[in-house]
Structure formats: C-alpha cells, structure tokens
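Engineer: My structure is below; once you've seen it, I'll send some questions.
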Amino acid sequence: MAALPRDREPLDTLLRVAPGSARAEEWATVLAAAGIRHRLVWSDEGWGLAVAARDVERASAALSAYDDEN
C-alpha cells in the first residue's frame, strides 16, 4: 500500500499540551513558520498540538529550537 501524500496524512500524533490556548497558539505559529502541518486540539489536560506521525521529529526539533531561543 502506498504512503499517503504528506498533505493527506492524518494529523493525529499529539506533540505537546499546554494548559492555555496562548502557549499552544505560539507553538502553532512556530510550526507554521517551519512549514509543518499541524492542528490544535482540546483535551482534558488543555490545548494540544497534533502533527502527522512522519513530522514528529522535525516538529519537536523546531519547537525545541524555539524554546532554547526564548
């Protein structure tokens, strides 16, 4: 079975969770700037950021770099 194109892969891997939406939106901006597809999701723990499974490593690196700068 062929892999889904990157723009069709489900965004269902939860990467991080923040208690408030402001922090999650900040992370979303970082991923958008890096060209990484993502979505904000609500969970019992707060606002989460979900990405495609194949983008986890790249998204984690982008967010870690952002954390280091701020």
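The values are calculated or read from the model by the stated rules, or taken from the named source; none is laboratory data. These figures come from a predicted structure and were not determined experimentally. Cβ: placed from backbone, ideal geometry, glycine included. Neighbour counts: every protein chain shown. Accessible surface areas use protein heavy atoms only, side chains included; no ligands, DNA or RNA. Shrake-Rupley method; radii C 1.70, N 1.55, O 1.52, S 1.80 Å.
Engineer: At 1.4 Å probe size, with every protein chain present, just tell me what the per residue accessible area of the chain comes to in Å².
Structural biologist: Working: 4560 Å² over 70 residues.
Solvent-accessible surface per residue comes out at 65 Å².
Engineer: What size of dipole, in debye to the nearest 20, comes out for the chain about its Cα centre when the only charges are +1 on Lys and Arg C-beta atoms and -1 on Asp and Glu C-beta atoms? Provide the component values of the computation, followed by the final result.
Structural biologist: Values: 8 positive and 12 negative charges, 62 e Å.
So the dipole magnitude of the chain works out to roughly 300 debye.
Engineer: For segment 51-58, take each phi angle, set θ = phi - 60°, evaluate the Karplus expression 6.51 cos²θ - 1.76 cosθ + 1.60, and give the result in whole Hz per residue in order, putting x for glycine and proline.
Structural biologist: 9, 5, 3, 6, 9, 4, 5, 5
Engineer: Give the relative contact order (percent, whole number) for segment 29-70; include only Cα pairs under 8 Å separated by 6+ residues. Spell out each step's value before the answer.
Structural biologist: Working: 32 pairs, mean separation 15.2, N = 42.
This gives 36 percent for segment 29-70.
Engineer: Between Glu9 and Arg54, 0.36 nm times their residue separation minus their Cα-Cα distance comes to what? Please list the in-between numbers first.
Structural biologist: Working: separation 45, 0.36 × 45 = 16.20 nm, distance 0.87 nm.
That pair, Glu9 and Arg54, stretches by 15.3 nm at full extension.
Engineer: Would you pull out the residues with amide H under 5 Å of Arg16's amide H, same chain only if 5 or more places away, H placed 1.01 Å from N?
Structural biologist: Under 5 Å from the amide H of Arg16: Leu49.
Engineer: Next up: Given 0.36 nm per residue, what is the gain on full extension from Ala34 to Ser21 after removing their alpha carbon distance, in nm?
Structural biologist: Numbers: separation 13, 0.36 × 13 = 4.68 nm, distance 1.99 nm.
Result: 2.7 nm gained on full extension.
Engineer: Of the accessible area of the chain, with the probe set at 1.4 angstrom, what percent is carbon plus sulfur? If you can, show how the numbers build up before the last one.
Structural biologist: On the way: 2390 of 4560 Å².
Taking all protein chains in place, the chain shows 52 percent carbon and sulfur surface.
Engineer: Turning to a different aspect of this structure: Pairs of Cα atoms under 8 Å, at least six residues apart: use those to get the relative contact order of the chain, whole percent. Intermediate results must be reported in sequence, preceding the final value.
Structural biologist: Values: 94 pairs, mean separation 25.3, N = 70.
Result for the chain is 36 percent.
Engineer: Next up: What does a probe at Ser64 reach in segment 36-50, counting residues whose amide N is under 19 Å from the point 7 Å along Cα→Cβ?
Structural biologist: What the label zone holds, given the 19 Å backbone N cut-off, is 36-37, 49-50.
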